[in-house]
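What follows is one structure encoded as structure tokens, with my remarks underneath.
Just so it is clear, none of the values below were taken in a lab; they were calculated from the coordinates. Source: prediction; values computed, not measured. Here the Cβ is made from the backbone with ideal geometry for all residues, glycine too, and neighbour counts use every protein chain on show.
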2 protein chains.
Amino acid sequence: MGDLDWGLLSNSVGPRVRLLRNNLNARSIAASDPFGLPTGSLTLMSLIAQNPGSSQKELADKAGITGPGLVSLVDELEKRELVRRDRSTTDRRRNMLVLTEKGEETVAEMFKVVSQIEAPIREELSPQELEQLISLIDRVLKALGEG
Amino acid sequence: MGDLDWGLLSNSVGPRVRLLRNNLNARSIAASDPFGLPTGSLTLMSLIAQNPGSSQKELADKAGITGPGLVSLVDELEKRELVRRDRSTTDRRRNMLVLTEKGEETVAEMFKVVSQIEAPIREELSPQELEQLISLIDRVLKALGEG
DNA sequence: TATTGTTATACTCTATAACTATA
DNA sequence: TATAGTTATAGAGTATAACAATA
């Protein structure tokens, strides 16, 4: 397939990142389909599970979703009783998001399925190389202000 | 900003790649704005410059764009007289794409501007680390069938 | 029958502006 | 005056299906 040369962009990460993101996104949609949840649901629920009580703004920043994007995502997850919005008592503007029991179960199930998406990556790269890749990406993200 | 933990997805590249792509995409839009060309123009023109005479299908595959997406992109670039569609004489279904002189000049100008997008990356990473990052991504892309 | 390019169409993702309620 | 969340809206990116021309 790919016997074309990137040319001027041989040392650019941008085009490659778009290719990679599109591929993973397509796989994610296919894998998430049985759950009937929008893309990003697992990412968001995983963040909530690890950081319960976070505000929507904190989660939106970390997940790289805009405010309105997060609202509709949480709306859907709340309707499905996977996530709960608890108003903070100390600052009543904030929602403290937490997973319901059903949410915890769903995260576990989804993770089993969705993590298979990256199986080809774990086959191609050694554990050290995968760690290296993630570490390099994290440093780049931080340098771009997405820490 | 980012003192939340990825949790279950600590070893997943998917969410990070989406963050990275969104950030670079936003910068790309801002940087390309003065040229009034759609996103992906530089990528496509750079591919054509390096592989003149390629068919639209070959370019679409390499750039990770669907057929219809490429058509509208080429339409725009052709209207601006940056790219020419030459019908192949041996297989008259194929368009052999080539840059015009104006296209060559525009690519050079755009590259100077757009390459600045990744300057923070080149500041954060040593040349060896950047090479490593690109090499790892290319291997992952190949493993995912995006060679 | 298969392939290249095209048209038409729809859906998802993301972004922005304006509003509310709290602080 | 500023911040968290919400609503409404628009735009870009991507996808699929159906079609024409050619192989």
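Cα-Cα over 30 Å: which of A:LYS142/B:LYS102; B:LYS57/B:LYS112; A:LYS112/B:LYS142; A:LYS79/B:LYS142? Before the final figure, lay out each step's value.
Numbers: A:LYS142/B:LYS102 38 Å; B:LYS57/B:LYS112 28 Å; A:LYS112/B:LYS142 24 Å; A:LYS79/B:LYS142 39 Å.
Violating the 30 Å limit, Cα to Cα: A:LYS142/B:LYS102; A:LYS79/B:LYS142.
Can you list, shortest first and in nm, the gaps between the label point of B:GLY69 and those of its counterparts in the other copies, using a point 7 Å from Cα in the C-beta direction?
So the label point of B:GLY69 gives 1.6 nm to the other copies.
A:GLU109 label points, 7 Å along Cα→Cβ, one per copy: pairwise distances from this copy to the rest in nm, shortest first?
5.7
Exposure proxy check: A:THR89, B:THR39 ranked by fewest other beta carbons within 10 Å?
Taking fewest neighbouring Cβ atoms as first place, the list is A:THR89, B:THR39.
For B:THR100 and B:ASN22, FRET efficiency with R0 = 22 Å and r from the beta-carbon atoms, rounded to 0.05?
0.10
Test of understanding: what is the full-extension gain from A:ALA30 to A:GLN116, defined as 0.36 nm times their sequence separation minus their Cα-Cα distance?
Numbers: separation 86, 0.36 × 86 = 30.96 nm, distance 1.15 nm.
Extra length from A:ALA30 to A:GLN116 when fully extended: 29.8 nm.
What percentages make up the Cα-Cα pair-distance distribution of segment A:9-143 when the bins are 5 Å wide from 0?
Binned Cα distances yield the sequence 2, 9, 16, 20, 20, 14, 11, 6, 2, 1, 0.
What residue of chain B has the nearest C-beta to the axis that moves B onto A, and what is that distance in Å, given as a whole number?
B:ARG21, 2
Springs between alpha-carbon pairs under 10 angstrom, Gaussian network model over chain B: which of B:PRO127, B:PRO52, B:PRO34 fluctuates most?
B:PRO127
Quote the charge dipole size of the protein assembly as shown about the Cα centre in Debye, to the nearest 20; the model charges only the Cβ of Lys and Arg (+1) and of Asp and Glu (-1).
In total the dipole reaches around 680 debye.
Under 14 Å from the Cα of B:LYS62, which aspartates and glutamates turn up, not counting those fewer than eight places away in the same chain?
Answer for B:LYS62, where 14 Å is the Cα cut-off: A:ASP3, A:ASP5, B:ASP138, B:GLU146, listed by chain and number.
Using a label position 7 Å from Cα in the Cα→Cβ direction, what is the ascending list of nm distances from A:PRO127 to the same site in the other copies?
When each copy's label point is compared with this one, the spacings are 3.4 nm.
If I take R0 = 30 Å and measure r between the Cβ atoms of B:GLU131 and B:SER10 in this structure, what FRET efficiency does the formula 1/(1 + (r/R0)^6) give, to the nearest 0.05?
0.75
Would you calculate a helix-derived [θ] at 222 nm for the protein assembly as shown, using -39,500 (n - 2.57) for each DSSP H run of n ≥ 4 and dividing by the full residue count, to the nearest 500?
Using -39500 (n - 2.57) per qualifying helix, the result is -18500 deg cm²/dmol.
Please compute the average number of Cβ atoms from other chains found within 10 Å of each residue's Cβ in peptide A:21-32.
Mean partner shielding for this stretch: 4.
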